[in-house]
Amino acid sequence: LVSYGSGPVQVLMWSQMHGDETTATRAILDVFRFLQAKDVPAELKRKIQTGVTWHFIPMLNPDGASRFTRRNRDGIDINRDALRLQTPEGRILKRVRDSLKADWGFNLHDQSRGTMVNGKPATLSLLAPPYNMERDVNESRGDAMQLTRYLHDQVIGFIPGQIGIYPDDFEPRAFGDNIQKWGTRTILIE
């Protein structure tokens with residue numbers, strides 16, 4: 001866990017819960033480089049540091065990463081371990097989320113090769129996951145949906161016709177869905 005800033009809003013970002021999905025981990029490392037860069041305007045750095053406290057878990061599944069496999073060393077998909085918490089990685093993610101009482105959570109993955117938008121591969125996909133089978137929208141999920149829409153609108157000009165929006169089917173074992181249920185506004189980014 002790497003933390004940065006001292007703002008009142010607690011943001012948790014985790015990547016590479018699937019060991020073979022390296023893109024988000026590399027993106028987090030780019031964020032670290034940006035935060036250390038000497039050419040970043042001081043005012044921007046101050047806003048980043050004082051508005052939010054950022055918490056990063058840049059590689060949740062190092063065993064899977066070392067073998068470039070989706071699952072951990074015990075052959076378990078960590079993303080489907082939110083209820084049983086049988087993996088040490090799943091227990092760590094749950095414990096960190098609970099201890100921070102994170103306001104926002106960003107579940108960072110690689111873009112699935114099979115995700116298409118109008119017959120073209122998606123470059124990016126977004127989802128504010130549901131917290132129940134009925135796919136209800138409470139305040140927390142509503143906030144996540146609004147931010148997801150905002151992110152979509154900011155990026156669409158750069159990659160028109162290449163942003164996927166996943167169906168919001170509830171997956172009761174998944175971390176994103178459960179972190180949303182546990183009260184953290186959660187957004188899946190692939």
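A few comments on the model shown:
- With the Kirkwood sum run over all distinct C-alpha pairs, segment 29-84 has a hydrodynamic radius of 14.2 Å.
- Rounded to 5, the percent of DSSP beta bridges in segment 97-190 classed as antiparallel: 35 percent
- Quotient of Cα Rg and 2.2 N^0.38 Å for segment 57-181, N being how many residues it contains: 1.12
- Per-residue accessible area (protein heavy atoms, 1.4 Å probe) orders 141, 70, 113, 173 as 113, 173, 70, 141, starting from the largest.
- One equal scatterer on each Cα of segment 1-132, no solvent, Debye formula: the resulting log10 I(q)/I(0) at q = 0.22 Å⁻¹ is -1.35.
- Within the chain, DSSP assigns beta bridges of which about 25% are antiparallel (rounded to the nearest 5).
- Sorting the Cα pairs of segment 82-155 by distance into bins of 10 Å, from 0 upward, gives 15, 36, 38, 11, 0 percent per bin.
- Phi to ³J(HN,Hα) by Karplus 6.51 cos²θ - 1.76 cosθ + 1.60 over segment 169-182, Hz, x for Gly, Pro: 6, 7, 10, x, 8, 7, 5, x, 5, 6, 5, 4, 5, 7
- 1.4 Å probe accessible area per residue over segment 59-190, in Å²: 53 Å²
- For the chain, built as a Gaussian network whose Cα springs stay under 10 Å, the top-fluctuating residue of 140, 99, 112: 99
- Per-residue 3J(HN,Hα) values for segment 109-114, derived from phi via the Karplus relation 6.51 cos²θ - 1.76 cosθ + 1.60 with θ = phi - 60°, read 10, 8, 5, 5, 4, x Hz in sequence order (x marks Gly and Pro).
- Binned Cα-Cα distance frequencies in segment 129-190 - 5 Å width, integer %: 4, 19, 28, 23, 13, 10, 3
- Among the protein heavy atoms of the chain, carbon and sulfur supply 55% of the accessible surface, probe 1.4 Å, non-protein parts ignored.
- Separation between Cα centres of segment 11-59 and segment 75-98, rounded to whole Å: 22 Å
- Taking a sphere under 12 Å around the Cβ of residue 141 and counting the other residues whose Cβ falls inside, with K and R at +1 and D and E at -1, yields a net charge of -3.
- Exposure rank, largest accessible area first [123, 186, 115; 1.4 Å]: 123, 115, 186
- Per-residue ³J(HN,Hα) for segment 71-88, Karplus 6.51 cos²θ - 1.76 cosθ + 1.60, θ = phi - 60°, Hz, x for Gly and Pro: 8, 7, 5, 8, x, 9, 7, 4, 5, 10, 10, 5, 8, 6, 6, 8, 9, x
The values are calculated or read from the model by the stated rules, or taken from the named source; none is laboratory data. The model shown is predicted, which means the values in this text are computed figures rather than measured ones. For neighbour counting, all protein chains shown are included, and Cβ atoms are generated from backbone atoms with ideal geometry for every residue, glycine included. When the accessible area is computed, the model is the full protein with side chains, heavy atoms only, and any ligands, DNA or RNA have been set aside. Shrake-Rupley method; radii C 1.70, N 1.55, O 1.52, S 1.80 Å.
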